[in-house]
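Colleague: After the structure tokens below, expect a handful of questions from me.
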Amino acid sequence: MIDFNEMVDNYLRRESYPKTIGKYYPSEIGTCMRKVWYSYKFPSSVGPDLLKIFEVGNIMHDLVVKILSSDKNPEIMLVSAEAPFKKEVDDFVISGRVDNIILVKASGKNILMEVKSTGSVDFVNKPADYNAMQLQLYMHIMNIHDGVLLYIDKKNLKSKVFKVDYNPEEAEMVINRFKALHKLLKMDALPDPESRAKHDKIWMCRNCEYRDKCYEETPSSARWL
Ligand code: SF4
């Protein structure tokens, strides 16, 4: 009998390489600083379940590109997809890919569009902070000051679009987070367990692969959940 689950795992399996201190990624910087720090110091391979979730995200991104470039949607033109960029800051580099740049023909405006696939778009009523931070940075670096976040439901393709107003101070704050991360990595100094500071962030810890290590190093207290 064919074991298709195993075939999927085989297909998605890939080499993982340790990250290099001095090279940082916008998609991570809005998440927990300690978790990102651990990922540089104690690299862990991505498990098969997570690889499948990433692959579904890739499939959704490809679909969005097809929709944006279709003749059936003539009001929009896809200018670029997965446009790579690198930004040097002090002695480190921020590198990433902007999901989509689209031209709205009626206004002649270029807009950055970041795509996020979600389990249920019904529960998405505003952009997640860490997604908005990523988009702020892209708008700043690409010098395109109109941006939207598109959330698309993996099970039924329903979607919601949120405009994110460009704010140079917020973009600067994101760059400062990279500076702080870089400094802590170079000093080998563990960051605070950010996601355990507030009840609305603790969900990030639920599936964190460094959870045990984190609680061992900073037990729960009045300050840290
Ligand atoms: S358990 Fe929570 S606070 Fe600790 S590293 Fe993971 S996400 Fe951050």
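Colleague: Limited to region 64-103, what total is found for residues that are in contact (Cβ under 8 Å) with a residue 24 or more places away in the chain, within 30 Å of residue 10 (Cβ to Cβ) and not β-branched (Val, Ile, Thr)?
Modeller: Qualifying residue count, region 64-103: 3.
Colleague: Is it the case that residue 194 is touching a helix residue (DSSP H, G or I) at 6+ places or on another chain (Cβ under 6 Å), away from the ligand (no atom under 15 Å from the Cβ) and on the phi < 0 side of the Ramachandran plot?
Modeller: For residue 194, the condition - touching a helix residue (DSSP H, G or I) at 6+ places or on another chain (Cβ under 6 Å), away from the ligand (no atom under 15 Å from the Cβ) and on the phi < 0 side of the Ramachandran plot - is not met.
Colleague: Is region 172-188 home to any residue that is among the acidic types (Asp, Glu), under 23 Å from residue 93 (Cβ atoms), within 21 Å of the chain's Cα centre (by Cα) and away from the ligand (no atom under 13 Å from the Cβ)?
Modeller: So far as region 172-188 goes, yes, one or more of its residues are among the acidic types (Asp, Glu), under 23 Å from residue 93 (Cβ atoms), within 21 Å of the chain's Cα centre (by Cα) and away from the ligand (no atom under 13 Å from the Cβ).
Here is a yes/no grid of residues against (1) farther than 18 Å from residue 28 by Cβ; (2) of a type in the set (A, V, I, L, M); (3) out of contact with any Leu (no Cβ under 6 Å at 6 or more places or on another chain):
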{"site": "53", "(1), (2), (3)": "no, yes, yes"}
{"site": "58", "(1), (2), (3)": "no, no, yes"}
{"site": "74", "(1), (2), (3)": "yes, no, yes"}
{"site": "80", "(1), (2), (3)": "yes, no, yes"}
{"site": "86", "(1), (2), (3)": "no, no, yes"}
{"site": "91", "(1), (2), (3)": "yes, no, yes"}
{"site": "109", "(1), (2), (3)": "yes, no, yes"}
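Colleague: Those residues that are in a helix (DSSP H, G or I), over 14 Å from residue 37 (Cα atoms) and within 9 Å of the ligand (Cβ to nearest atom), I need them from region 204-225; list them, please.
Modeller: Correct list: 204, 205, 206, 212, 215.
Colleague: Cβ-Cβ distance below 6 Å, separation of 6 or more or different chains: which pairs start in region 7-19 with a residue that is closer than 25 Å to residue 181 by Cβ and end on one that is part of a helix (DSSP H, G or I)?
Modeller: That search, which allows pairs on different chains as well, returns 19/40.
Colleague: Of 130, 151, 166, which residue is hydroxyl-bearing (Ser, Thr, Tyr), within 30 Å of residue 88 (Cβ to Cβ) and more than 13 Å from the ligand (Cβ to nearest atom)?
Modeller: Every option except 166 fails the conditions.
Colleague: Here's a follow-up. Filtering region 5-55 down to residues that are in a helix (DSSP H, G or I) and among the aromatic types (Phe, Trp, Tyr), which residue is farthest from the chain's Cα centre (by Cα)?
Modeller: If we take residues in region 5-55 being in a helix (DSSP H, G or I) and among the aromatic types (Phe, Trp, Tyr), then 11 is farthest from the chain's Cα centre (by Cα).
Colleague: Could you tell me whether residue 20 is closer than 18 Å to residue 204 by Cα and among the β-branched types (Val, Ile, Thr)?
Modeller: no
Let's see how each residue does on (1) surrounded by fewer than 15 Cβ atoms within 10 Å (Cβ to Cβ); (2) part of a loop (DSSP other than H, G, I, E, B):
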site	(1), (2)
81	no, no
87	no, no
95	yes, no
100	no, no
122	yes, no
127	no, yes
133	no, no
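Every read-out reported here was derived from the displayed coordinates using simple, explicitly stated rules and does not represent laboratory data. Since we're looking at a predicted model, the values are computed, not measured. No Cβ is skipped: glycine too gets one built from the backbone with ideal geometry, and neighbour counts run over all protein chains shown.
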